Amino acid sequence: MTTAALPSLEARVKLYRIGMGFAALQFVQAAIDLKVADALDDEPLGAGELAKTVGADPDALGRLLRALSCLGFFEAVEDGRFRHTELSRMIRQDSPWGAPDVIRFGWLHVPVSVLHHTADAVRTGEAAFPKVFGTQAQSYFVNDDPEAGAIFNRAMTANTILLNNAPALVAALAPGPGETVMDVGGGQGQLLLRLLEAYPGIRGVLLELEQVLPGVDEQLREGGALAGRAELIAGDCRESVPGGADTYLYKHMMYMWDDDTVVRILRNTARAAASGARVVVVDMLLGGDSPFEEICTAVDLLMVLMGGGKRRSVDQFAALFERAGLVYQGVRSIEGDQSVLLTALVP
């Protein structure tokens with residue numbers, strides 16, 4: 001038996017916390033499935049009362065609530081009752097942030113199946129996703145598993161709300177009166193919607209895959225409050241980009257592609273846009289002094305598993321702009337945000 005001194009209590013607790021991380025995700029997903037957060041309002045309730053509402057076993061639900069309270073979801077109070085915390089309110093179905101879909105996507109068989117191959121991907125540098133699912137990730141979510149794709153799209157919309165300081169980003173973009181902003185790969189259109197609301201004098205274009213457009217926010221679709229100033233175009237920026245915009249916006253999508261694909265997308269933009277048009281990339285940077293650095297580095301490694309993409313530094317982005325024939329203008333931080341705003345001009 002070893003006589004070496006035990007590691008610190010802090011290190012041992014952290015080890016087991018990480019080791020049980022897979023269970024923590026399942027516990028939170030179970031609370032979402034059971035709608036436990038929805039059953040709890042402002043007043044604390046006991047596990048028995050909640051069990052009647054959600055249709056669960058009182059003893060098992062009590063154990064779930066105790067486990068979740070250690071994760072910050074719910075708080076145990078006197079007499080064995082539980083009350084909401086900021087985290088547990090986030091996973092209510094009526095919350096405006098879409099947090100349940102962030103958990104749902106992490107719980108899906110897709111990322112879990114791919115993560116099993118992390119060691120092989122690190123050993124070989126080869127993407128795991130095509131080996132597991134027989135196709136590229138983007139194609140899989142669109143063509144092979146549209147239900148998972150819908151959850152993915154909703155999770156990306158939630159990321160726009162939860163990880164980004166959207167008001168600060170909208171202010172930093174500052175399109176001028178009469179300008180047209182094209183949000184390329186803009187998902188369900190949340191950022192474009194905010195831009196149209198903040199700048200009544202601009203027009204907006206959302207370029208997305210045809211399969212994604214039915215899920216675009218109803219305010220941007222025909223008959224919606226902003227439809228008169230918004231245009232929805234089906235297309236793939238890897239193939240071509242429409243002309244006619246003053247600003248081309250790429251928010252949190254370049255990290256999904258390898259360098260050659262990013263350059264191809266930017267070149268498509270440069271060919272389509274008029275001289276002086278602005279190309280804006282919003283992304284997280286590696287090595288940034290940010291509370292989201294842990295997320296950034298995790299996503300960077302996930303891109304090895306998914307295939308091709310990566311997080312980049314400022315210098316790497318500047319080099320990609322140059323390769324695409326664009327004139328790099330610089331980088332700007334966004335207050336309270338995980339991201340930066342990198343700008344280039346079409347010569």
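Structure above, values below:
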item	result
Criterion (hydrophobic (A, V, I, L, M, F, W, C) and without any contact (Cβ under 8 Å) to a residue 12 or more places away in the chain) met by exactly one of Phe27, Phe22	Phe22
Complete set of residues in the range 242-289 that are surrounded by fewer than 18 Cβ atoms within 10 Å (Cβ to Cβ), of a type outside the set (A, V, I, L, M) and in contact with a strand residue (DSSP E or B) (Cβ under 9 Å, 6 or more places away or on another chain)	Gly244, Asp259, Ser275, Gly276, Gly288
Residue in the range 174-187 that is buried (at least 16 other Cβ atoms within 10 Å of the Cβ), at negative phi and either free of Cβ contacts under 8 Å to residues at least 24 places away in the same chain or in a helix (DSSP H, G or I) (or both) present	no
Selected residue (only one of Glu335, Glu322 is of a type in the set (D, E, K, R), in contact (Cβ under 8 Å) with a residue 60 or more places away in the chain and more than 22 Å from Glu239 (Cβ to Cβ))	Glu335
Selection status of Val142, part of a helix (DSSP H, G or I) and aliphatic (A, V, I, L, M)	yes
Qualifying position, being modelled with pLDDT of 90 or more, in a helix (DSSP H, G or I) and either within 21 Å of Trp257 (Cα to Cα) or not small (Gly, Ala, Ser) (or both), among Asp120, Asp94, Asp79	Asp120
Residues of the range 17-35 classified as surrounded by fewer than 17 Cβ atoms within 10 Å (Cβ to Cβ) and of a type in the set (S, T, N, Q), total	1
Counted residues, the range 311-325 - those being buried (at least 16 other Cβ atoms within 10 Å of the Cβ) and either in contact with a Ser or Thr (Cβ under 8 Å, 6 or more places away or on another chain) or at positive phi (or both)	2
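Every residue, every condition in (1) touching a residue at least 40 places away in the same chain (Cβ under 8 Å); (2) outside any loop (DSSP other than H, G, I, E, B), yes or no:
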{"residue": "Ala245", "(1), (2)": "yes, no"}
{"residue": "Tyr248", "(1), (2)": "yes, yes"}
{"residue": "Leu266", "(1), (2)": "yes, yes"}
{"residue": "Arg271", "(1), (2)": "no, yes"}
{"residue": "Gly276", "(1), (2)": "yes, no"}
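The values are calculated or read from the model by the stated rules, or taken from the named source; none is laboratory data. All figures in this text were calculated on a predicted structure; none of them were measured in a lab. Neighbour counts run over all protein chains shown; Cβ positions are idealised from the backbone, glycine included.
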